[in-house]
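None of the figures in this text is laboratory data; all of them are computed from the coordinates on show. Please read these numbers as outputs of a predicted model, since none were measured by experiment. Note that each Cβ is placed from the backbone with ideal geometry, even for glycine, and that neighbours are counted across all protein chains shown.
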Amino acid sequence: MTDTMTQSVDSSTDPDVLLSATNIKKSFGGVHALKGASLTLRRGEITALIGDNGAGKSTMVRCLSGIHPPDSGTITLDGEVVSFGTPKEAQKSGIETVQQNLALVEELAVWQNFFLGRELTQGFGPFRTLNRKLMKATAQELITDLAVNVPPVTSKVRRLSGGQRQALAIARAAGWGGKIVIMDEPTAALGVQETAKVEQTIRTLRDAGVSVLLISHNFDQVMRLSDHVWVFRAGLAVAGRRTAETSGEELVALITGAKEA
Amino acid sequence: MSTLVTERPRTAQNLISQTRQVSFWAEHAAPIGLVVLVIVFSILSPSFLTFGNIRAMLIAAAILVILAVAQAFVITTGGIDLSISATMTVGAVGFGIAWQAGLGFVASAIIAILSAMVIGVINGLLIAKGRVTDFIVTLGTLSVATGLALIISDGKPISVNSPELLRLTSGSIGIFGYPIILAAIVGVIAWFVMFRTRFGLHVQAVGGSEESAVANGVSAVTVRIAVYLISAGLAGLAALLLVARVGAAEPAINTAFLLNAIAAVVLGGVSLTGGKAKIVGPIIGALLLTALTNGLTLLGVSQFYQPLAVGLVVVLAALLTRYQKK
């Protein structure tokens, strides 16, 4: 592999690169959360984003998912410059985000959550009704494709385990034909077994050709799952490494600044 | 075949074992309560289960059924509409004024519903857009609507001699008078809207978790304004039945309807915290409360005891809901 830092500067020509964010800046009042950070995401890979609290990871993700439009810098998706004002616009371009709180309604069934806000209906005008059969079948199929321990789609989310909820949220994001699925700490609240199942779900997603951007504090997980790692420090992407060519020690050194990239 | 044979006792056993759990009684408080009341009253009073009394009870229940359905929409979103009976009064006075001006039945009925919906718009905008607590807003509009009804009507009842309204109260198909048929139609449409349409799903989602619903692209503001509009519109419809029953549009304060509507919803197993939609439950709750009042009257129990009995039933139901399955 070639030096990944030079790749991020000029990536628009590389056909392997699905998304590249270049020189992204974002300030909140006097706080400069991002000071010109750049990163790239390759097709069908799991890209990890690591760094200390306040390094700018979450802000970067929010810029990519349309929650906070960046102050300056360019985002290129599939070779075209894009800008997202709202999460809806990002979704239309194929960028789905699994929120840290998962955005599930506990009182509703799995299939209802799966389709919430994008329900399938039949009929027309004021006589439009929910196409429950099709929604249940589709949700069941898409969740089964992805997750290991599939809950029945008619059960309420309240009855699901943390891992099943995570799997549902991931399947929902992937189910909308997203090219990129962004996940913020997907296993932070899970036990060992459930973490393994969710990681399997993320791998299945990658194998289906979806690019995954993963924020994680867990170095073992990053080493296990990701193909590429970006290290954030003080509002900048200070280093990019192929996971196969780095080690946990090197990543820690890069995060703390003990080692310059 | 053997599975069929063993299946039957098993489901029966299952039912019996279920009845040992408190949650079974909590889940079905309204229908069980209704059956118990009917049995007790029919033993104590021979006239309780007569054709005439059942018919009268169902007619008497119609207004409360409609108000309970209306309240159920609001409570499913986690809100509450304390102005519902005052809104009904505004609708009744609106009908009276329009009728007095010689507008005819249909136009007066439309004016009744529209004037009630004005209160709904105010509630919805203040709660959804203004982000004022539902309790405070509807407590305010309760007072405002009551005052408006008194001001517009100058505090006097407007007698209404509409042949259409007379037919509405006196007509019936078998044991079912037109008012309860109207209430049943409202119930069926409400059930359909709540459980078979996109809007109904969004009502439940906003009540369950507004944050998650919004994150998935549901407009909580629209949903909240809509439920208060539905509540007020149905209160306007109930106003027609009220005017028909009394024979006049009275600017009276119908506090009993407000408390009973909320009580019916609670009896029906709807959680006041929202997210748990039910339509049949509140309807049965409304029937139960009406049967309770009717039965006590038949037994010659003083009117003074009726609010006491209603209050006890509601508090008991509220206690039972603590044992509902999550």
### Task
Please list the helices of chain B that count as membrane-span-like by this rule: a mean Kyte-Doolittle hydropathy of at least 1.0 together with Cα atoms stretching 30 Å or more along the helix axis, each helix being a complete DSSP H run.
B:51-76, B:220-246
## Note on the structure
Of the residues A:174, B:18, B:323, the Cα lying farthest along the dipole of the protein assembly as shown towards its positive end, which is defined by charges on the beta carbon of Lys, Arg, Asp and Glu, belongs to B:18
### Query
Between the range A:92-160 and the range A:56-87, what is the C-alpha centre distance in whole Å?
27 Å
### Query
Could you give the radius of gyration (one decimal) and Dmax (whole number) of the Cα atoms in the range A:1-140, in Å?
18.8, 59
### Summary
Nearest 10, in degrees from 0 to 90: the angle of helix A:162-175 to the longest Cα principal axis of chain A is 90 degrees
### Summary
Exposure-ranked with fewest Cβ neighbours within 10 Å first, B:191, A:230 stand as B:191, A:230
### Query
Can you give the FRET efficiency for residue B:159 and residue A:131, using 1/(1 + (r/R0)^6), R0 = 60 Å, r = Cβ-Cβ distance, to the nearest 0.05?
0.75
### Message
Please compute one quarter of the surface area of the Cα convex hull for chain A and express it in square nanometres.
### Response
15.1 nm²
### Query
Relative contact order for the range B:30-321 using alpha-carbon pairs under 8 Å, separation at least 6, rounded to a whole percent?
35 percent
### Task
Mind sorting B:270, B:314 by how few other Cβ atoms lie within 10 Å of their own Cβ, fewest first?
B:314, B:270
### Query
Is there a pair in A:92/B:276; A:179/B:276; A:25/A:179; A:57/A:136; A:136/A:197 whose C-alpha atoms are over 28 Å apart, and which pairs would that be?
A:92/B:276; A:179/B:276; A:57/A:136
## Note on the structure
Log entry: pair-distance distribution for the protein assembly as shown, C-alpha pairs binned every 20 Å from zero, whole % per bin is 18, 40, 27, 14, 2
### Task
Show that you can apply the helix-only estimate: for chain A, add -39,500 (n - 2.57) for every DSSP H stretch of four or more residues, divide by all residues, and state [θ] at 222 nm to the nearest 500.
-9500 deg cm²/dmol
### Message
Can you give me the orientation-averaged projected area of the convex hull built on the Cα atoms of the range B:55-178, in nm²?
### Response
8.5 nm²
### Per-selection metrics, the range A:70-207 (Cα): Rg and Dmax in Å
16.1, 49
### Message
Can you tell me the orientation of helix A:132-146 relative to chain A, as the angle in degrees between its alpha-carbon axis and the longest Cα principal axis, to the nearest 10?
### Response
40 degrees
### Task
Please find, in a Gaussian network model of chain A (springs between Cα atoms separated by less than 10 Å), the residue of A:240, A:66, A:29 whose mean-square fluctuation is greatest.
A:29
### Query
Between B:285, B:259, B:306, whose Cα lies farthest towards the positive end of the dipole of the range B:30-321 when Lys and Arg beta carbons carry +1 and Asp and Glu beta carbons carry -1, centred on the Cα centre?
B:285
### Message
Using only Cα atoms and rounding to the nearest 10 degrees, what angle (0 to 90) does helix A:192-207 make with the longest principal axis of chain A?
### Response
80 degrees
## Note on the structure
In debye to the nearest 20, the charge dipole size for the range B:30-321, taken about the Cα centre with +1 at each Lys and Arg Cβ and -1 at each Asp and Glu Cβ, equals 320 debye
#### Entry: Hull shadow area, averaged, the range B:30-321 [alpha-carbon convex hull, nm²]
15.0 nm²
### Message
Restricting to DSSP H runs of at least four residues, report the calculated mean residue ellipticity at 222 nm for chain B, -39500 (n - 2.57) per run over all residues, nearest 500 deg cm²/dmol.
### Response
-25000 deg cm²/dmol
#### Entry: Cα centre as origin, Lys/Arg/Asp/Glu Cβ charges: the protein assembly as shown dipole, Debye
1420 debye
#### Entry: B:202, A:68 arranged by Cβ crowding within 10 Å, fewest neighbours leading
A:68, B:202
